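Input: a single structure, listed below in structure tokens.
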Amino acid sequence: MLLVTPRSRRIPLALAASALLGTTALSGCSVANSEDAAGGSSAPSDTLRVVLQQEPPTLEACESNLTSTGVVIRSTITEPLVERNPTSGELEPKLATQWSSKDDQTWTLKLREGVKFHDGSDFNADDAIATIDRAVNSKLGCNVEGYVFGDDDLKLKKVDDYTIEVTAAKKDPILPLRLSFLEVVPKETSTTEKVREPIGTGPYQIEDWQAGQSINVAAFADYWGEAPAYSKANYQWRSEGSVRAAMITSGEADIATGLSPEDNIGDLGVSYPNNETVALRMHADTAPFDDIRIRRAVNYAIDKESIVASLYAGRDKAAAQLVPSGVVGHSDDLPVWEFNLDKAKELVAEAKADGTDVSAPINLVVRTAQFPKIQELAQVIQEQLTQAGLTVNLKMLETSQHLTYQVRPFPTKDDGAIMLMTQHGNQAGDAAFTVDQYMTSKGAQSAFGTPELDELIAQADAASGDDRQAAFEKVFKYQNDEVVQFAHIAHQTGMLGISSSVAYEPNSSSGDELRLAEVTAAK
Amino acid sequence: MLTYLRKRIIASALPLVVVIVGVFALARMTGNPAALYLPLNATDTMRAEFAARNGLDQPIWVQMAQYFGGIFRFDFGTSMRTGQDAAQMALRAFPATLQLAATTMIIAIILALIVGSAAAMKPNGILDRCSSFISMTAASIPDFWLAIVGIWVFAITLGVVPTSGVVGAAAWFLPVATLVMRPFGTLVQVIRGAMVSALSEPYIKLARSKGATEYRVIAQHALRNAAAPGLTVAGDLTVGLVNGAVVVETIFGWPGIGKLMIDSILQRDFAVLQACVLLTAVAIFVLNILIDLGYALLDPRVRPSAGARQRRKARAAQGPTHGSENRTLAPVGPALSTSESSRGNH
Amino acid sequence: MSALEMAPPAKDERPEPKNRRKAKTQSESRVSMFTMLLRDRFATVAAIFLSLVVLTAIFGPALMGEHATAQNLMFMNKAPFDPANGWLYILGSDSLGRSVLARIVVATQTTLLVAVPAVLVALLLGSLWGVWAGYHRGRREAISMRIADIIMSFPSLLLAVVVLFVFSPSAANIVLILAITRIPIYLRTARAESAELQSRTFVDAARTFGTNPNAIIVRHVIPVVTPTLLTLATLEFCFVMLAESSLSFLGIGIQPPDVSWGLLVAQGRQYLQTAWWLSILPGLAIVLTAVAANVLAAWMRIATDPAQRWRLELDRKSTKAFEKATRQAAKMQTKKGNDK
């Protein structure tokens, strides 16, 4: 601007404008921090294009239980020792071929031979031990440590180059299942810092990550298993569901995650049960929830079947427990709580007659945009409980604020009784991961419990095989009969957008780990 | 001119510090990030470890002192979310936003000049009424709504542009078209107002009576008069865009600073938030200085050049001459134009 | 028509003598604001529309509040303008089978309760501060302007999250955020105007007589800057409604079960392709209200400006005659110029 001399001052705006225009033109119409990546509608057909809800914060292997990280790396970039088949619920060999234990405390794992990392090095016992040590015993603060293992460390021993021994602090019949959450990285991986772009053994390796824009991966030539159908893949992310759906219909992407039917994707939207269950948690420390009759009345007052039918077009299933079928401990025989408004009103009246303050306000605490149609669901529940004679205020909160209600220590000075809407996903396939947290007296996400229930849970945790199934069934039945901390709403379904050019069958964990190797070109 | 610049920069330094201190303190009022970063069943030990690792266990003034200490070593902290250098993340995202803002403003200005002057030719004529209605409507449509309708119409139904993303020139169409509406709508009204008043000035009559063509009258005389108020409003609108076109960036997956900022606010990623705010604040201060310089170029009377020392002395009796105060002295045409500022920093 | 048209008419453009006399007699009898409003058809329509909006905001919730929350899951997403569904559903039903008409009516109150106080608070604080700073100039002015800079470069999104987190979500808090972030707009304008005024002779005169600065500000400065600031406030009204809807889009604005136009648009966006009326109708309410407010502001600008009021004081016939005369005069002049 300073170059403009007085003489040319008559057109300074035009000059400034053309100067700016020049700058933009020089930048070649490409965004500053981007190079032309594979993607867009002109991508060759050997590239699989995936659009996610959000950019992964990191691809660090020991954070793989975070949905946005896991969906990219699990069984695509990196692989675990043992893998849970999401359909059958059985554990299957991956980098470990066999595992066994005599006492449920010390487990011996045989490792696969002939496996190579993306950097060309061989996989052996040292890498397996380093992986477990790094994720569970280090000071790294891995998310998977807290999620699966807690404070207890694991003892590790190398038996030979392809055999290791893992010892838990106490009896742990599901240790192999816990280990299935650990993605294997080479022993050279830093133990003091997290690694954003891990080296793994998976069918794809990371090529480049353009922050904010896309991640490109390419098939790993020395992969120990079968080569994947696509030689390259490209991940992008858009936070609006309708935009992700539009990318599928316009042919800009092949797979889109986290869609809902309102996104108008038509036949290209494939829905699948996704392991998530929605429930209301009632805090019994404040009136009116200190009366179990009110907690039962809540269950009677909510019309689960019509919610599922009208809001979720009949895809979701009315729920009777916190875990869906396919998870150890789920019982098909446990009945969904009957919808009976008269019964609910009756219970409220009874409680009132006995001196319970039934008009005390209840705060229905809900997280904004946690899942599709959540605010509609919350308003339906509010309406139905109001009809039963209860006073319900709806509190829609942002994630961080919702978390202060979701986990201990709970807010104590609230202006009403707390009823929290929670969405629980059991990725592990065993009810222990649910009940320890949600139903014990001291559980991180449990508002209260009873000593009897705690005892039942402790028994179930230690049991194995068919006993385990029966013991957890008993826990869920006891909660519905005697404790009634929860009013279950529905087992949810997710939806993937899949373009007509690719073939992929989603399963219950597709939202947490999207195995690109299972995607093939449509015939 | 240099004296003026130096003064202006010094005057801007303190506000910058205040902005950073404010963001630092306010961000920490939004709760402990531990709950967001740790598993829900995290134990107390893990929470303590997390706080220690991120320096959150210290009193807030110690944290702040450490942060300012870091700034002098060009260390702006590390992102809790990604583990990357916060300053790098902000710097990487900023050019994308700047490009979008520049392109949008250029198009908005050019369109507004054309429509605004056409409307001013015949005040209250049909063309004027129409353009006035269209520009008001354009400025009052929610942007996210426009963006989604745009994707539906242009990308899905017509299939002429990609839905989103940053690959290829066509990808610019929808984000720019969405963003252009508000500046365009506002600027049309400003330019039209200034032109109407200019066209009734005696010197235009003089030019006309001398036989100047209508084109010359408009281009040379009237437009020049409209430049100053246009500059003020355009500057304010640009500030809004530089602050991040959050909604548009979110919808179109544009890797800009607005998206980064809202993500780091929602994720309580303090270091990144601070880096973003620092960067945009500096940019906004620079922009404000440029706008004031723009005035000086438009009207030599307000140029704070070294040669004008005497005049400055004379004016010193009235008050300081630095800063946006100069705007008072600019030939602002209609008084309202200075006030037509619409900052989109929501 | 635009808010920005405020050129004082050049002397020689005054009406022909005959008309001028007429105008004089009219202005002597002080044409009422109401008559002036009726003279501008567009402003009349805008005023009627805005009055309707205000009346809806005041009485709507009492009349239709129940219908706005009454759900019917068997009656979801019914299309609008179908008389078979009854007048309540003339604008269709939403995703929970509630009447869209009733929801827009009830939302009117929240929308105005957010937008109007936010604009008024910012206007009052910003203007007084700006006038004070501009009148005194010097350090007070410099510091005020730097504070304006600070507020402007501060991310209002963060402010929104802070307020949401620290207080419970409510319309009052949204007002707080929007008011604070908009103060600089008025501050800067008011300062610029008042800085210019304080050097004028009439202010100087008051000062020489030893009038107290605050009295000068109240008596001489504020009356002059008020029209500009009021017009600005009307324009800001539109901005505030949009800002509120953007916050709703990002999930940090008004929270259900409260409902505002912006929130309705934001929530309706996911049904854009299956039930367009959910987002388009409340969007239309925003646009129409904003345009009406703009039109009225433009009219007010002219009506309150002594130099321009004559335009509205003339009745339609005289305006036409005047315009014709002006055109002829212009032609003559051009001709003369060309002849030379």
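Details
- Taking every residue in the range C:236-253 that is touching a residue at least 24 places away in the same chain (Cβ under 8 Å) and pairing it with any residue that is among the aromatic types (Phe, Trp, Tyr), at least 6 positions away or on another chain, yields no pair with a Cβ-Cβ distance below 6 Å.
- Residue count, the range B:277-290 (criterion: closer than 21 Å to residue C:252 by Cα and either surrounded by fewer than 24 Cβ atoms within 10 Å (Cβ to Cβ) or more than 8 Å from every other protein chain (Cβ to nearest Cβ) (or both)): 0
Here is a yes/no grid of residues against (1) at the interface with another protein chain (Cβ under 7 Å from one of its Cβ atoms); (2) among the β-branched types (Val, Ile, Thr); (3) under 17 Å from residue B:178 (Cβ atoms):
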{"residue": "B:94", "(1), (2), (3)": "no, no, no"}
{"residue": "B:108", "(1), (2), (3)": "no, no, yes"}
{"residue": "B:121", "(1), (2), (3)": "no, no, no"}
{"residue": "B:129", "(1), (2), (3)": "yes, no, no"}
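- Considering (1) more than 14 Å from every other protein chain (Cβ to nearest Cβ); (2) in contact (Cβ under 8 Å) with a residue 40 or more places away in the chain, the lone condition that residue A:478 does not fulfil carries the number (2).
- Residues of the range C:80-130 satisfying the condition of being farther than 19 Å from residue C:261 by Cα and in contact with a Phe, Trp or Tyr (Cβ under 7 Å, 6 or more places away or on another chain): C:122, C:123, C:126, C:127, C:130
- Filter result for the condition that a residue is over 30 Å from residue C:302 (Cβ atoms), assigned to a helix (DSSP H, G or I) and modelled with pLDDT of 90 or more, over B:108, B:87: B:87
- Condition broken by residue B:75, with the remaining ones in (1) more than 14 Å from chain A (Cβ to nearest Cβ); (2) touching a residue at least 40 places away in the same chain (Cβ under 8 Å); (3) acidic (Asp, Glu) satisfied: (2)
- Residue match in the range A:499-518 (condition: assigned by TED's automatic domain parsing to the domain that holds residue A:284 and not in a helix (DSSP H, G or I)): no
- Taken together, A:470, A:460, A:487 contain a single residue that is closer than 21 Å to residue A:177 by Cβ and open to solvent by less than 20 Å² (accessible area, probe 1.4 Å), which is A:460.
- Hits in the range C:242-288 - residues which are part of a loop (DSSP other than H, G, I, E, B), open to solvent by 10 Å² or more (accessible area, probe 1.4 Å), more than 20 Å from residue C:89 (Cβ to Cβ) and more than 7 Å from every other protein chain (Cβ to nearest Cβ): C:258
- Residue list for the range B:3-61, restricted to those being among the small types (Gly, Ala, Ser), more than 30 Å from residue B:293 (Cβ to Cβ) and more than 7 Å from every other protein chain (Cβ to nearest Cβ): B:25, B:34, B:48, B:51, B:52, B:55
- Residue match in the range C:159-178 (condition: within 22 Å of the chain's Cα centre (by Cα), more than 9 Å from chain B (Cβ to nearest Cβ) and either surrounded by 24 or more Cβ atoms within 10 Å (Cβ to Cβ) or not hydrophobic (A, V, I, L, M, F, W, C) (or both)): yes
- Residue within the range B:186-209 that is among the aliphatic types (A, V, I, L, M), in contact (Cβ under 8 Å) with a residue 40 or more places away in the chain, more than 9 Å from chain C (Cβ to nearest Cβ) and over 14 Å from residue B:118 (Cα atoms) present: no
- Residue B:165, sole failed condition from (1) crowded, with 18+ Cβ neighbours inside 10 Å; (2) within 13 Å of chain C (Cβ to nearest Cβ): (2)
- Members of the range C:205-231 that are more than 14 Å from chain B (Cβ to nearest Cβ), touching a Leu at 6+ places or on another chain (Cβ under 9 Å) and open to solvent by 40 Å² or more (accessible area, probe 1.4 Å): C:220, C:222
- Screening the range A:133-229 for strands (runs of 3 or more DSSP E) wholly inside it with 1 or more residues that are among the aliphatic types (A, V, I, L, M), open to solvent by less than 10 Å² (accessible area, probe 1.4 Å) and more than 14 Å from every other protein chain (Cβ to nearest Cβ) returns the ranges A:163-167, A:214-219.
- Residues within the range B:261-276 that are open to solvent by 20 Å² or more (accessible area, probe 1.4 Å) and more than 10 Å from chain C (Cβ to nearest Cβ), tallied: 2
- Candidates in the range A:378-398 are the residues that are in a helix (DSSP H, G or I) and in contact (Cβ under 8 Å) with a residue 12 or more places away in the chain; of these, the one that is most open to solvent (accessible area, probe 1.4 Å) is A:387.
- Residue pairs whose Cβ atoms lie under 7 Å apart, separated by 6 or more positions or on different chains, with the first residue in the range A:308-331 and on the phi > 0 side of the Ramachandran plot and open to solvent by 10 Å² or more (accessible area, probe 1.4 Å) and the second assigned to a loop (DSSP other than H, G, I, E, B) and not β-branched (Val, Ile, Thr), are A:326/A:89; A:326/A:429; A:326/A:508.
- Criterion (within 11 Å of chain C (Cβ to nearest Cβ), touching a strand residue (DSSP E or B) at 6+ places or on another chain (Cβ under 6 Å) and open to solvent by 10 Å² or more (accessible area, probe 1.4 Å)) met by exactly one of A:370, A:375: A:370
- Residue in the range A:287-310 that is out of contact with any Gly (no Cβ under 6 Å at 6 or more places or on another chain) and in a strand (DSSP E or B) present: no
- Residue list for the range C:184-204, filter: among the β-branched types (Val, Ile, Thr) and within 11 Å of another protein chain (Cβ to nearest Cβ): C:185, C:189
- Any hit, the range A:417-435, residues being part of a strand (DSSP E or B), acidic (Asp, Glu) and in contact with a strand residue (DSSP E or B) (Cβ under 7 Å, 6 or more places away or on another chain): yes
- Residues in the range A:273-293 that are buried (at least 21 other Cβ atoms within 10 Å of the Cβ) and among the β-branched types (Val, Ile, Thr): A:277, A:278.
- Sole exception among (1) more than 8 Å from chain C (Cβ to nearest Cβ); (2) open to solvent by 10 Å² or more (accessible area, probe 1.4 Å); (3) aliphatic (A, V, I, L, M) for residue B:147, by number: (2)
- On inspection, residue A:278 fails the criterion of being more than 14 Å from chain B (Cβ to nearest Cβ), closer than 30 Å to residue A:345 by Cα, in contact (Cβ under 8 Å) with a residue 60 or more places away in the chain and not in a strand (DSSP E or B).
- If the condition is being out of contact with any helix residue (DSSP H, G or I) (no Cβ under 8 Å at 6 or more places or on another chain) and more than 19 Å from residue A:506 (Cα to Cα), then the range A:45-76 contributes A:45, A:46, A:47.
The values are calculated or read from the model by the stated rules, or taken from the named source; none is laboratory data. What you see is a predicted model, and the numbers here were worked out from it, not measured in a lab. Don't worry about glycine lacking a Cβ; one is built from the backbone with ideal geometry, like all the others, and counts go over all protein chains shown. Please note that ligands, DNA and RNA were not included when accessible areas were found on the heavy atoms of the full protein model with its side chains. Shrake-Rupley method; radii C 1.70, N 1.55, O 1.52, S 1.80 Å.
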